[in-house]
Amino acid sequence: MLPQYYPNYKTVHRRFEQWCWNEVLRNVLTELANALRDKGALDESECFIDATFASAKGGGDEIGPTRRGKGVKIMAIVDHHGLPLAVSTHAANHHEVTLVQLSFEFYMIEAKPENLIGDRAYDSDTLDAQLREQGAEMIAPHRSNRVKRVSQDGRRLRRYQRRRIVERFFAWIQWHRRLLVHWEYYPADFLGFVQLAAICIMLKRF
């Protein structure tokens, strides 16, 4: 289904895999993010983090079983405008709170967010302490089963109401139907498709 002016599909697939394994697409995202930051189009002072589930119909590495079936999680950190600052993929059986630091390994700009906003899945004293050491403040409502409840600043917690921004990002990338179901055997290939979708979003801001 490639355009006629493309080379043979096997050549295209081989080149795509080379880009994935050599992190060419990740480098493109990093260059785009830093160029947008230089233009003042990025606002990393307030960022949002969340994950979405993609079911896996075939086999492959880094696929985890869940109650919804086997699949992967797409993790994303986006800025105040919904532009991606980090995208990564992980086995779906990992809890999201354990994937936050792994997500920062894919962070595209040097400055960490002042405020990182997530849902109840990210309510963790250990995570809060780790992020404070890195200069970031986690804002998430308490889980209902939390053993020790700590008083929260209601004014800061109001920022949580804006987390629709990260949900909108997932709606954007899921317009690319290739991301709805995980078909690739190698996790780097599926991550490459996620990165391509993020590149399309970034290019629209230029």
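Brief remarks follow.
- Put a dot 7 Å past the Cα of Tyr185, heading toward its Cβ, do the same for Tyr5, and the two dots end up 3.4 nm apart.
- Amide hydrogen neighbours beyond the local backbone of Glu137, cut-off 5 Å, H modeled: Asn115, Leu116
- Estimated from helical segments only, the mean residue ellipticity of the chain at 222 nm is -10500 deg cm²/dmol, where each DSSP H run of four or more residues counts as -39500 (n - 2.57).
- Antiparallel bridge percentage (DSSP; both residues within the chain; nearest 5): 70 percent
- q = 0.13, 0.15, 0.20 Å⁻¹, region 32-146: log10 I(q)/I(0) [Debye, one scatterer per Cα]: -0.53, -0.69, -1.07
- Of the chymotrypsin sites (Phe, Trp or Tyr not before Pro) found in region 1-73, those in coil by DSSP whose Cβ has at most 10 other Cβ atoms within 10 Å are Tyr5.
- Close lysine pairs were tallied over region 1-133: pairs 8 or more places apart or on different chains with Cα atoms under 30 Å apart number 7.
- Shape category assigned to region 95-205 from the gyration tensor of Cα positions, a/c cut at 1.5: prolate
- Cα gyration tensor category, rounded, prolate or oblate, for region 24-79 with a/c compared to 1.5: oblate
Taken together, the values in this text are just the output of simple stated rules run on the coordinates, not laboratory data. Please read all numbers here as calculations on a predicted model, not as lab measurements. In this analysis, Cβ positions are derived from the backbone assuming ideal geometry, glycine residues included, and neighbour counts consider all displayed protein chains.
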